[in-house]
Each structure stands twice: as structure tokens, then as C-alpha cells.
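Some notes on the structure that comes next.
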Amino acid sequence: MTMDLGNSKRGQELRDKVRAFIDDRVLPLEEEYHSEIGKNGDRFEFTARMTEILETLKSEAREAGLWNFWLTDSERGYGLSTVEYAYLAEEMGRSHLAAEAFNCSAPDTGNMEVIERYGTQAHKDKWLAPLLEGKIRSAYLMTEPDVASSDATNISLSAVRDGDTYVLNGEKYWASGAGDPRAKIFIVMVKTGDDDAPRHQRHSMILVERDTPGMEILRPMMVFGHDDAPHGHMHIRFTDVRVPADNLILGEGRGFEISQGRLGPGRIHHCMRSIGAAERALELLCKRATTREAFGRPLAKLGANYDIIAEARIEIEMARLLCLKAAHMMDTIGTQAAQPYISQIKVVAPRMALNVIDEAMQMHGGTGISQDTPLWAMWHGQRTLRFADGPDAVHRMVVARTELKKYRSNSV
């Protein structure tokens, strides 16, 4: 198979513009943005300055035509291939704020893709339009505290049809983005079928508005003691929550079909952002290594630091090529057939980024784990990503099963 993993001329031009915008406009504002969190007394409330920073960046990006890149193979976006978008996602991974500046943030991108591909016209008019314009944000609720959610057939939050509504009962946690008050719509994975139905036809997805009666945010989940405000990963209880039946997406029992269409592209986006994070960490590492001295020598010349820097570069390049191959396979054979390649990079990219970020922390000494660099936030973001969209063990199982099919029966 011929495989071109290079960027197109159009893609490279966009990448150059995106990189310049991040360097010139986004990175200089990151520290100020994060210093504002909690100044109103509520860490999940936006200060006027936080809003000003985000809206200014979004307005400037949109005016420059740098908007909604993620919507690949669609007339609503640039019509980029997954490979072309992967290069842009890598650039966005260098900055905490960049993805939102271009309206390319998770979980919004995946949610918008679901509504665009599977939603009704009413769903699109009410929710997709303001999401595409960056006027609101969204959340995706799948994981539950009382079941092993890595096997999504265990999802148990019930949705029972009652006339023109569904009545929802149960709990979700790690609801990423639900802490953000701008998240006005949640896509919720629910169980609509009974235990006699085929395992992959028992679940559905439904749109739930933020302040629907009976929904209670119990707490923000902490990541190594940090609440990830104002984005947040919330624990939410549903008690007799009534949702219009028209909010069901595609139909009862179609939840797994929708989730596979959603998660494949999202995993690629996450992984390319991981590579961007690793690139920024290596940049910080090298700058520290060449400008700081100890024992009368630059840090770069101490211990095994040459080897550490070389290994970091090698690991980044290998992960990038694997990610681009997965993106290419999505473009050529489709998301479902590309799952083994997507699973490979989902294991490799965050693990690689963690290694590089950790070495950058080491090079910075005590400063590396403090608020004086972005490394601490990058590290816990990548460690969390090893769970998000499926833990490593599940993805390794997908890869191994695909490999074993060459040698054994499908029952292995």
C-alpha cells in the first residue's frame, strides 16, 4: 500500500498560520488566564478577564479564517483530511488554550460530530449551530462510578420511555467539561434496552440540557488533587430527569454505533495534541539545558542528558509517524477498520508524552513541578489521557486480538 503521510500544500499553509497565532497570541496570555481562575470565589466561574481573553482569541482566530478545522470531510468545515488535521492538532497541543481559540476543543468536537452526523435538523438548529459558532460548550457523559465502564456494555444509567419523554436515573462521573457553566448541552450514554436485548443494542445516546430538573452536580473529580477548573470532570446524579423523547439521537439501541463514529476521530485528535505537548516539553527542556549551569557546566553536558534529549526526539518522531499512519488509515479504510491503528497510537502517544514531560521536569529541578512552568499541568493531562477514551489495557487487547486473528480462530 502506498502511504503518503506528508502534509498537503494547503495543510502546511494552515499549519504555519496556526503556529504563528499560537506563538504570537495564545501563549503570551496563558499565564494570565490561569492566574484568574477562582478570583470570583468560585473556581468554576469565569472572571471578566478570563472571558475577555477567550473571546478575544476566538474572535481573532475566526476573523483570520482559523476556525472549526476538526470538521473533516464536511462542507461545514475546511474539508480537511484526518492527516491534514492531525498536523494542526499537534500545534494546538502545545498550548492549553489553543484548541478552544480555534473552536477545536474536546469534548465539543466529538459532540458536534455526533450531532452533525446523527442528529435531527432540530438538534442541529438548536445545538450544533451555537456550538459551531463557539457561543456555547458541551459535555459528554459516559463513565459511571459503579460499573467497569471500560466495558461500555456495563453502562447502567437507565432511560425509560414514558409518553413523550424519557426518564433518566443513575449516576455519571468524569463528565469532562460539565464544570464549565458555558456547557449548555450534555450528550449522555444511557441504557434503554433490557438484558434480553443483544449487548450492543441496549444503549442509546440522548441530549440533555444543563439545568434540567433532577440533575445534580455532586462534586468535581480531582486529578492528583487538582479540580481542572473551570473545565472540570464532574460527578452527576440523575433523579427522575425527564428529557423529551425527541432528544434521543438516531434511535434506541444505536449508542454503540454512534460512539464508534465519535471516538475514533477524537482519539486521533487527542494523540496529536499529545505530540504537540511533548514537543513543547522538549523545547522547555532544551532551553533549560543550554541556559542553566551546575558544577561549572551547562546542564546539557551533565550526566546522561545528551542521551535523554536524543531519546526524547526519537520517541516523538516515532509516535508522530504512528499517529499519521492511523490518520491515513481512517482516511482510506474508514474509522471502524482503522481501530487497531487508532488503538496503537492511543497507547503510545500519551505514554511517550509523559516520558518527555517527566524528563523536562527533571531538567528544571524543583521548578519543574511548580506553577512556574506549564509542565505539571501537561503531565497530569497526559496521565489522565491514558484513561480517557479507553484505558491502555483495552486498547492493547484490541491490538492483540487483531494480531492473533492472523494465526488463530476469531474466538481467541
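Only the coordinates and a few stated rules stand behind these numbers; no lab work does. This is a predicted model, so every value here is computed, not measured. All Cβ positions, glycine included, derive from the backbone under ideal geometry; neighbour counts span all protein chains shown.
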Original post:
With each run of n ≥ 4 DSSP H residues scored as -39500 (n - 2.57), what mean residue ellipticity at 222 nm is computed for the chain after dividing by its residue count and rounding to the nearest 500 deg cm²/dmol?
Top reply: -15000 deg cm²/dmol
Subject >> Estimated inter-spin distance, His200 and Met397, nm [label 7 Å along Cα→Cβ] >> reply: 1.4
Original post:
Put a dot 7 Å past each Cα toward the Cβ at Gln336 and Ser150; how far apart are the dots in nm?
Top reply: 2.5
Subject >> the stretch 162-246, relative contact order [Cα under 8 Å, separation at least 6], % >> reply: 47
Original post:
Once you charge only the Cβ atoms, +1 for Lys and Arg and -1 for Asp and Glu, what is the size of the charge dipole of the chain about its Cα centre, to the nearest 20 debye?
Top reply: 920
Original post:
If you rank Glu13, Glu36 by fewest surrounding Cβ atoms within 10 Å, what's the result?
Top reply: Glu13, Glu36
Subject >> Radius 13 Å from Cβ of Ser149, net charge of other residues (Lys, Arg +1; Asp, Glu -1) >> reply: -3
**OP:** Please check which bits of the stretch 136-163 a label hung off Arg237 would reach, taking the label as a point 7 Å along Cα-to-C-beta and the cut-off as backbone N under 15 Å.
**Re:** 145-146
Original post:
Taking springs between alpha-carbon atoms closer than 10 angstrom, which of Ile22, Ile314, Ile217 fluctuates most in the Gaussian network model of the chain?
Top reply: Ile314
Original post:
Between Arg383 and Glu283, 0.36 nm times their residue separation minus their Cα-Cα distance comes to what?
Top reply: 34.0 nm
Original post:
Using Cα pairs under 8 angstrom and six or more residues apart, how large is the relative contact order of the chain, in percent?
Top reply: 14
Original post:
Once the other residues with Cβ under 14 Å from the Cβ of Tyr140 are scored (Lys, Arg +1; Asp, Glu -1), what is the net sum?
Top reply: +1
**OP:** Obtain the nm distance between the two label points defined at Leu404 and His34 by a simple spin-label model: each point lies 7 Å from its Cα along the Cα-to-C-beta direction.
**Re:** 4.3
**OP:** Estimate the FRET efficiency between Arg297 and Glu63 by the formula 1/(1 + (r/R0)^6), using the beta-carbon distance for r and 35 Å for R0, to the nearest 0.05.
**Re:** 0.15
**OP:** Could you tell me which of the pairs Lys17/Lys58; Lys301/Lys346; Lys17/Lys184 are separated by over 24 angstrom between their Cα atoms in the structure shown?
**Re:** Lys301/Lys346; Lys17/Lys184
